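The values are calculated or read from the model by the stated rules, or taken from the named source; none is laboratory data. Values in this document were obtained by computation on a predicted structure and should not be read as measured data. Glycine gets a Cβ as well: all are built from the backbone with ideal geometry, and neighbour counts include every protein chain shown. Just the protein is used for accessible areas: all its heavy atoms, side chains included, with ligands, DNA and RNA removed. Shrake-Rupley method; radii C 1.70, N 1.55, O 1.52, S 1.80 Å.
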Amino acid sequence: MAKRCGVRGRRDFLKGIWVLGAGALAGRRLSGLSSIPLEGRIAGLSGGTVPVKNGKDLAENAFYLLPLGAVMPRGWLREQLLVQARGLGGHLDETWMDVGPESGWLGGKGESWERGPYFLDGLVPLAYLLGDAKLKAKAQRFLDWALSSADPSGMFGPKSNDDWWPRMVMLKVLCQYQEASGDKRVIPLMDAYFAYQIRELPKRPLRDWGKFRWQDEVLCVL
C-alpha cells in the first residue's frame, strides 16, 4: 500500500508540477519572446531568418538551428538580457584582466586560451539581441583581431597557444557573428582554417578538451 501510494503520489505530484509549469510558461515566460512574424524579427540584422541546411553530400537533419536574431527577446526575456548586459556579461573585460586589453585574443601577452572566446560567446549574442552599439563595439575589437590574425597556412588566433580547443569556442562565436552581421570575412577564414586542420591533425591530434568536445566544431563545419 505504501509503495503504491508512493508511486502514485509522485506521479500526481509531477503531473501537477508539469501543469503549473506549462501554465506559467505559456502565460508569463513565453511572453518574453517576440510575437512579431518571423520575417520581421531581425530588423537591422543581416543574417536572415532561414536556417542554413546541410549541403547536398550530407544527410538532412530533423532540426536546424535558427540563425542569431531570427527570434528577438521582448518583455521578461529582454529584461533578463539587460540585467546580464549591466552586469559581468557586459563588463567582464573591465574587471578581469584575462579578458582585458592584454588578452591574447586582442594580440596581447595575457591569457591566450579559452577565456577570451568564452567571454565573446556570451557577449556577441547579447550585443546583437539587444542591438547595443557599445557592446557590439566591445566585441568587435576581439572579432577584428581574430579575423586579421590568420596566417597563410590558415591557422588563426594567438601565436603563443596552438591548442585546437579554444579555437573551437571561437569558431562558434564567429558563426553567430556572421549570422547576425553578414561579415564576409568569416567564411573564408573558417574554410582556410578547416583545410589547415585537416592537414595538421595527423601530426597534431586532438587532446584534452578538444578530444572530448570535438562535436562543437562539427556544428561549425556544417
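Here Arg167, Arg213 are screened, and the one residue that is of a type in the set (Lys, Arg) and either open to solvent by 40 Å² or more (accessible area, probe 1.4 Å) or touching a Cys at 6+ places or on another chain (Cβ under 6 Å) (or both) is Arg213.
Residues Gly154, Gly110, Gly116: which one is open to solvent by less than 10 Å² (accessible area, probe 1.4 Å), more than 20 Å from the chain's Cα centre (by Cα) and within 30 Å of Pro205 (Cα to Cα)? Going through Gly154, Gly110, Gly116 in turn, the sole match is Gly154. The residue that is farthest from Phe119 (Cα to Cα), counting only those in the stretch 177-199 that are out of contact with any helix residue (DSSP H, G or I) (no Cβ under 7 Å at 6 or more places or on another chain) and open to solvent by 40 Å² or more (accessible area, probe 1.4 Å), is Arg199.
Starting from the stretch 207-222, take each residue that is more than 13 Å from Phe194 (Cβ to Cβ) and list its partners that are in a helix (DSSP H, G or I) and charged (D, E, K, R), counting only C-beta distances under 7 angstrom and pairs at least six apart or across chains. So the pair list comes out as Asp216/Lys172. Considering (1) over 14 Å from Leu130 (Cβ atoms); (2) surrounded by fewer than 16 Cβ atoms within 10 Å (Cβ to Cβ); (3) modelled with pLDDT of 85 or more, the lone condition that Ser46 does not fulfil carries the number (3). Out of Leu129, Leu206, Leu123, Leu189, one residue alone is under 25 Å from Met97 (Cβ atoms) and at pLDDT 95 or above. It is Leu123. Scanning the stretch 72-90 for residues that are over 18 Å from the mean Cα position of the chain (by Cα), surrounded by 13 or more Cβ atoms within 10 Å (Cβ to Cβ) and either of a type in the set (Gly, Ala, Ser) or within 13 Å of Phe119 (Cβ to Cβ) (or both) yields a single hit, Gly75.
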